[in-house]
Amino acid sequence: MNFNTLEFALFFPLVLVLLSGVFHRERARDLLLLVVSYLFYMAWYWEYAGLLVLSTLIDYSLGLHMQKSSDPRKRKALLTTSLVLNLGILGLFKYYNFFADMASGTLGFFGWELDFLRHELLLPVGISFYTFQSLSYTIDVYRRELPAEKSLTKFALFVVFFPQLVAGPIVRAVDFLPQLHKKLRVTKALFLQGLTLVFLGLCKKIFLADTLASLGVDAVFDDPAAYSSADLLLALYGYAFQIYCDFSGYSDIAIGAAAMMGFWLPPNFNRPYLAQNLREFWTRWHISLSTWLKDYLYISLGGNRGTRFATARNLMLTMLLGGLWHGAAINFLLWGAVHGLFLMFSRGQTRRPDEDAPWRVWGRRLLTFHLVCFTWLLFRIHGWEDFLSYAGGLAEFSGGSVLHPLYYGLLALAFVLHATPKDRLAHWWDHRWIKAPAPVQAGAYAVLILAFIGFSLDTPSFIYFQF
Amino acid sequence: MRVFSAAWRDTPLAHFRVPLYLALLLVLVEAGFEWRAHERGYTTLFFGQHETASRRNPDFPFRSLPVPAERRPGSLRIWLSSASHAEDNYQPVDKIFPTRLCALLEQSGQACDMLNASRAGVGIADNTQELRREAGHWRPDIAVLYQAKIDIDELSKTSFGPPAPKGEIAEPLPHQRALAHLRQVFEATTLYAHLTQQLKTRMMQARVLQPALPVQAEAEYAARVRRFIATSREQGIRPVLTTFAVRYGTRDAEQFSGELERSLLQYNPYLSKAGWLRSIARCNEILREIAEEEKVQLIDLAGPVSGQAALFRDFSHFSVAGHERMAELLAAGLKSPPSLSARKEAAR
């Protein structure tokens, strides 16, 4: 069930009404949220709910055993079991065909037919997100940073909590489970802030991400040879803002929907295209994934505690796996590798002070933005030929544009919205908007809903659902 | 009362005032638009059905004057396969070109029965199926095909739209059926109709639209026409092809109004104005080539009718004068020798 559909518009208010009926009864509340979260997930393919149950049961029982045990070897064995089983399921569904294709391609060169290795496996929605989320729990329990959760219902709800189940933010157990043990409270301000965030996310998704894709990005990426360099560049900028608005829009809706139910989810974006170098970019883009990779992978590999070579290797491995996390394809691997390379070279650079001359700050931002755009090209294309065609077209420096002026307007609007500081928006919400009379707020939301319907050209899914 | 309010305190429902106002506002706006639409004679969700001329009798599933299943001796029985262009529920049945065609033939001394099997939104594939299903019962002499626009819509979708899901489509589960029904209700609201007509199509105008159908789509169109011809012949019916007429000539893309473009984009969000004119011209070329190869009579309607704005009420639907002109051209074409010996040829 996508957030931008009629189904969700009916589902979510119903959940809020039902939740209110059991809000102060902890067990009933947890059980209700667990059931509706499974229903939400099963709206795609009910068959894959079994994988969620399996993942939940594995990590729940391993967590309890780890908690009880004081034997470091046994604890390590239990953690290894969790890693192998979780990553095994993820690997089977997400990467099996990728490696099977690589094997049959390589051995096919020597005349061995291995086509039988390939099997049509449907990728379960959100598997990368909930696997990482669940793994964070077992690793934290292993590191004794978190006590094991005794209630199966609460643990299962942590894994499957529907607002962030399929595309994040990746919530850590240490952030979420304690909330389930507290008395929840939804104040008027929290509820209305959540509602505003939901609408802000929908605006980003429908008005900006989907419309930029529909008005130019998709057409240009589908046939780059037919467009001028100017249009290719504009489509690349367009894709950069499309993916930002799509993904941060999803995160806003998830955070807002959770807030309306009394839960806090961590922020996932902080004006990433204003970063002055790639290291800073990764502290602003998909924050929940980048911190997960840093805390559970990069540091586990040794982080920056070893030699310069070891640090560079750890960085590169982390980014390669970060790339592969997005999808089983060479272009994601390359995307991770290029980010890894840039990060290796930018090590030692610290964030420059914003008090620097504005032209220097903006110069660095512009350079970083273009580096990121270049990597988005790798992320978006479907093959080496497409990449060469696109990059070759860009290098021709030909002018002229067939894109509609509305496309430029939306690109500019996306930039302004992206660059507006969150705290300024939050201040406006807290002090102005949520204090406006209810009919005024409702009227504005009604206008937005009507515009959503009018703007919904193809009702596409969120980009990060495929990961 | 206090116990009741305490139970809801700090719950999401305690702050539902804004969502409730929102729902109320949307219902009121919909009701207002529906009332306006109902007053103008449209069918609406709240105010019920509007009687349209599209109601067909199950015993006589055609949009033409009733004809008995038994043939009249000496009459020419014409089966017409088309879409809304020949069904035209906005005109009385005696004013649309299929009915006028038979009236003109009758005036010239040729007894005529019209079986107008045209249906809004139906393309050649469905026309062919219906012909195969019904022709044995109604035994027409000739089958006239007047189709291009709906097939262009369908082929644009398969060429430029999202790929169709792979594999077999599973039977929908009960909750999926319920959701599909809800979506249908939502799409039947007047607000939805207004927003898609006024806003969505304007957005689509800003898209990078396609300048032509791909070659594979043209080949598919040709294959559909050939299947129609083959089916007609299998049933002992003589097929007649007609070129497709539209409001603008091939070089008139500049005159194409934005409003008409939006009405086309509502059903086909892929083709540009020039793309439409080019595709119609290509379909007509294909019809000519097939008529030549298959030795099928072709009546050229595009030549004398296309580009004459007074004959159309939109891009491809006819005004009363347009229906009359179409009927004249078809009557003239069918009065030529091949049509009068239709039964003999079919029998042969």
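Brief remarks on what is shown
- Any chance A:Val160 is among the aliphatic types (A, V, I, L, M), open to solvent by 40 Å² or more (accessible area, probe 1.4 Å) and not assigned by TED's automatic domain parsing to the domain that holds A:Lys435: no
- Where a residue in region B:193-220 is within 10 Å of another protein chain (Cβ to nearest Cβ) and its partner, wherever it lies, is of a type in the set (Val, Ile, Thr), with Cβ under 6 Å and at least six apart: B:Leu195/A:Ile453
- Screening the candidates A:Val217, A:Val174 for the property of being under 24 Å from the mean Cα position of the chain (by Cα), open to solvent by less than 10 Å² (accessible area, probe 1.4 Å) and either within 14 Å of chain B (Cβ to nearest Cβ) or free of Cβ contacts under 8 Å to residues at least 60 places away in the same chain (or both) yields one hit, A:Val217.
- Counting only residues that are open to solvent by 30 Å² or more (accessible area, probe 1.4 Å), part of a helix (DSSP H, G or I) and within 12 Å of another protein chain (Cβ to nearest Cβ), region A:220-234 holds 3 of them.
- Pairs linking a residue in region B:11-31 that is more than 8 Å from chain A (Cβ to nearest Cβ) to a residue that is open to solvent by 40 Å² or more (accessible area, probe 1.4 Å) and in a loop (DSSP other than H, G, I, E, B), with Cβ atoms under 8 Å and 6 or more positions apart or on different chains, are B:Glu30/B:Leu45; B:Glu30/B:Phe46; B:Ala31/B:Phe46.
- Set side by side, the residues A:Leu289, A:Leu274, A:Leu297 differ, and just one is closer than 17 Å to A:Val174 by Cα and either surrounded by 22 or more Cβ atoms within 10 Å (Cβ to Cβ) or not acidic (Asp, Glu) (or both), which is A:Leu289.
- Checking each residue in region A:177-205 for being farther than 21 Å from A:His24 by Cα and either within 11 Å of chain B (Cβ to nearest Cβ) or open to solvent by 20 Å² or more (accessible area, probe 1.4 Å) (or both) picks out A:Gln193, A:Leu195, A:Thr196, A:Leu197, A:Val198, A:Phe199, A:Leu200, A:Leu202, A:Cys203.
- So B:Ala193, is it crowded, with 18+ Cβ neighbours inside 10 Å, in contact with a helix residue (DSSP H, G or I) (Cβ under 9 Å, 6 or more places away or on another chain) and not charged (D, E, K, R): no
- Residue within region A:16-26 that is buried (at least 16 other Cβ atoms within 10 Å of the Cβ) and away from chain B (no Cβ under 11 Å) present: yes
- Among (1) part of a loop (DSSP other than H, G, I, E, B); (2) within 14 Å of chain B (Cβ to nearest Cβ); (3) among the hydrophobic types (A, V, I, L, M, F, W, C) - the single one A:Phe3 does not satisfy: (2)
- Segments classed as helices (runs of 4 or more DSSP H), wholly inside region A:120-215, with at least 2 members that are closer than 30 Å to A:Asp231 by Cα: A:188-202
- Of all the numbered requirements in (1) open to solvent by 50 Å² or more (accessible area, probe 1.4 Å); (2) within 24 Å of B:His85 (Cβ to Cβ), B:Val185 misses one, and that requirement is (2).
- Residue that is over 28 Å from B:Leu20 (Cβ atoms) and surrounded by fewer than 16 Cβ atoms within 10 Å (Cβ to Cβ), where the choices are A:Gly63, A:Gly88: A:Gly88
Yes/no per residue for (1) open to solvent by 20 Å² or more (accessible area, probe 1.4 Å); (2) within 25 Å of B:Ile237 (Cα to Cα); (3) modelled with pLDDT of 90 or more; (4) part of a helix (DSSP H, G or I):
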{"residue": "B:Gln129", "(1), (2), (3), (4)": "yes, yes, yes, yes"}
{"residue": "B:Gly136", "(1), (2), (3), (4)": "yes, yes, no, yes"}
{"residue": "B:Lys157", "(1), (2), (3), (4)": "yes, no, yes, yes"}
{"residue": "B:Ala164", "(1), (2), (3), (4)": "yes, no, no, no"}
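- Per the listing A:Ser37, A:Ser55, the residue uniquely under 30 Å from B:Thr11 (Cα atoms) and within 21 Å of the chain's Cα centre (by Cα) is A:Ser37.
- Hey, A:Val36 surrounded by fewer than 18 Cβ atoms within 10 Å (Cβ to Cβ) and within 14 Å of chain B (Cβ to nearest Cβ) or not: no
- Looking only at region A:91-113, residues that are among the small types (Gly, Ala, Ser), part of a helix (DSSP H, G or I) and surrounded by fewer than 14 Cβ atoms within 10 Å (Cβ to Cβ) come to 2 in all.
- Selection within region A:66-76 - open to solvent by 40 Å² or more (accessible area, probe 1.4 Å) and closer than 12 Å to A:Pro147 by Cα: A:Gln67, A:Lys68
- Any hit, region A:407-420, residues being within 15 Å of A:Phe241 (Cα to Cα), assigned to a helix (DSSP H, G or I) and touching a His at 6+ places or on another chain (Cβ under 9 Å): no
- Test result for A:Asp386, under 26 Å from B:Phe16 (Cα atoms) and among the acidic types (Asp, Glu): no
- Among the residues making up region B:59-75, those that are surrounded by 10 or more Cβ atoms within 10 Å (Cβ to Cβ) and among the hydrophobic types (A, V, I, L, M, F, W, C) are B:Phe60, B:Phe62, B:Leu65, B:Val67.
- Qualifying position, being among the hydroxyl-bearing types (Ser, Thr, Tyr), part of a loop (DSSP other than H, G, I, E, B) and open to solvent by less than 40 Å² (accessible area, probe 1.4 Å), among B:Tyr221, B:Tyr267, B:Tyr248: B:Tyr248
- Candidate set from region B:303-319 (those that are outside any loop (DSSP other than H, G, I, E, B) and under 17 Å from B:Ser84 (Cα atoms)); member that is nearest to the chain's Cα centre (by Cα): B:Phe318
- When the test is whether a residue is surrounded by fewer than 19 Cβ atoms within 10 Å (Cβ to Cβ), assigned to a loop (DSSP other than H, G, I, E, B) and charged (D, E, K, R), A:Arg279 does not pass it.
- Of all the numbered requirements in (1) open to solvent by 20 Å² or more (accessible area, probe 1.4 Å); (2) outside the structural domain of A:Ala213 (by TED's automatic domain parsing); (3) within 15 Å of A:Trp282 (Cβ to Cβ); (4) hydrophobic (A, V, I, L, M, F, W, C), A:Phe369 misses one, and that requirement is (2).
- Taken over region A:307-348, the residue count meeting the criterion of being open to solvent by 50 Å² or more (accessible area, probe 1.4 Å) and part of a loop (DSSP other than H, G, I, E, B) is 3.
The values are calculated or read from the model by the stated rules, or taken from the named source; none is laboratory data. As the structure is a computational prediction, the values presented were derived from the model and not from experiment. When we count neighbours, we look across all protein chains shown, and the Cβ atoms used for this are built from the backbone with ideal geometry, even at glycine. For accessibility, only protein heavy atoms count, side chains too; no ligands or nucleic acids. Shrake-Rupley method; radii C 1.70, N 1.55, O 1.52, S 1.80 Å.
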